[in-house]
Amino acid sequence: MKKLLSLVAVVLAAVFLTACSVQVKTDSGSKSGSSKKTAAPASGTLEIKMLDVGQGDAILIRQGKKTILIDTSDIDEKDKLKKRLAEEKVTSFDAVILTHPHADHMGGIDYVLNNFPVAMVYDNGQTAKPKFYTNYLKLLKEKKIKSKTLTAGDVIDFGDGLRFVVYSPTKEMRKDGGMENGKINLNINSVEGRLEFGEFSMMFTGDGEKVAEDGILSRYGADALRSNILKSPHHGSKTSNTDAFLKAVKPEWAVISCGVNNDYHHPHPSVRTKYGKMKIDFYRTDINGNITITTTGKKADGKLYQIKPQRGKKNDQTAY
């Protein structure tokens, strides 16, 4: 059961009549096993904004003076990415994390690398043939931008209590090249991991599918995956979001990035129904626009957070 601030409880009814903002107290139970014991104290405010960039992913993360981007939207949606970053007055990136080499996640990387100073780029090490990927490698070399392949077990420490714990892919998965039933499925090797900030956590999943979710569960166990927020795997696809994975993460909210009237029926009706049965509230960019998550509270320890859409209400069941 979600723990709500008493002051918020008074105004919830009025807030949900328009674009709602929910302030929540996080559960400080076991979340990441021993990894949590070595984390630095949280400092300042963490803001995570799932940008409305159509059928693709682009998540902007800010904490203190740090700016991080996870994925860079679709090739056909670069104008939207450009507009969103301008609206956010972004001037540089401390890190860019690319979950996997599909156009709807890596499509805007050339725009980012050509227009912003980028200190570090992380990817999953999966090679691909499309031009956007070969151009990406070329730009890294030309601009002498540092890069690193992420592997399960890695931890990116951004400082001030902010860190990203990587759960997938493993070296073995990368060696297999995303093979599934004799075919290459680049979604399988998506970078998946948990962003931690004090007592707040958010699970990032790229386009990870069932086989990846099962692998994470078998390697780490349910207790390590518990998170306040879930970045809905594969835009809310039925190929992901398994019962076992959702029960392990046990999020209070899910956020879904997808395009209006998309051809994939994302978020899938079965997933929306499943979220309802599991009491997972959700927002979706096609209906709600930008979705902003902000930690709050005087102690800046991640115990409290607020989730706010640009427009609309939660749990919209609109189908395409």
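The values are calculated or read from the model by the stated rules, or taken from the named source; none is laboratory data. Quick caveat, the model's predicted, so the values are computed rather than measured. All Cβ positions, glycine included, derive from the backbone under ideal geometry; neighbour counts span all protein chains shown. SASA here: full protein model, heavy atoms, side chains in, ligands and nucleic acids out. Shrake-Rupley method; radii C 1.70, N 1.55, O 1.52, S 1.80 Å.
Checked against (1) assigned to a loop (DSSP other than H, G, I, E, B); (2) crowded, with 18+ Cβ neighbours inside 10 Å; (3) of a type outside the set (A, V, I, L, M), LYS299 passes all but a single condition, namely (2). For the structure I just gave you, tell me whether VAL165 is in contact with a strand residue (DSSP E or B) (Cβ under 7 Å, 6 or more places away or on another chain), in contact (Cβ under 8 Å) with a residue 40 or more places away in the chain and under 25 Å from LYS80 (Cβ atoms). Taking the combined requirement at face value, the residue does not satisfy it. Taken together, the residues in segment 302-320 that are assigned to a loop (DSSP other than H, G, I, E, B), among the β-branched types (Val, Ile, Thr) and within 14 Å of ILE229 (Cβ to Cβ) amount to 0. With respect to the conditions (1) open to solvent by less than 70 Å² (accessible area, probe 1.4 Å); (2) free of Cβ contacts under 8 Å to residues at least 40 places away in the same chain; (3) in a helix (DSSP H, G or I), LYS175 falls short on a single one, namely (1). Within segment 278-287, does at least one residue satisfy the condition of being among the polar types (S, T, N, Q) and farther than 17 Å from PRO233 by Cβ? No, there is no match, as no residue in segment 278-287 is among the polar types (S, T, N, Q) and farther than 17 Å from PRO233 by Cβ.
From the list ALA119, ALA152, ALA128, which residue is farther than 30 Å from LYS83 by Cβ and either in contact (Cβ under 8 Å) with a residue 40 or more places away in the chain or surrounded by fewer than 18 Cβ atoms within 10 Å (Cβ to Cβ) (or both)?
On inspection, the qualifying residue turns out to be ALA152.
Just to be sure I understand, how many residues within segment 210-257 are surrounded by fewer than 24 Cβ atoms within 10 Å (Cβ to Cβ), of a type in the set (Gly, Ala, Ser) and closer than 13 Å to SER168 by Cβ? The number of residues fulfilling the criteria is 3.
Among the conditions (1) open to solvent by 20 Å² or more (accessible area, probe 1.4 Å); (2) outside any loop (DSSP other than H, G, I, E, B); (3) modelled with pLDDT under 95; (4) not polar (S, T, N, Q), VAL24 misses just one, which is (1). Scanning segment 270-320 for residues that are among the charged types (D, E, K, R), farther than 21 Å from ASN241 by Cβ and without any contact (Cβ under 8 Å) to a residue 24 or more places away in the chain yields LYS298, LYS299. When the criteria are applied in full, PRO267 fails the requirement of being in a loop (DSSP other than H, G, I, E, B), open to solvent by less than 30 Å² (accessible area, probe 1.4 Å) and in contact (Cβ under 8 Å) with a residue 40 or more places away in the chain. Counting only helices (runs of 4 or more DSSP H) that sit completely within segment 51-156, those holding 2 or more residues that are of a type in the set (D, E, K, R) and closer than 29 Å to GLY198 by Cβ correspond to 78-87. Could you grab me the full set of residues in segment 80-102 that are open to solvent by 30 Å² or more (accessible area, probe 1.4 Å) and under 18 Å from ASN135 (Cβ atoms)? Correct list: LYS82, HIS102.
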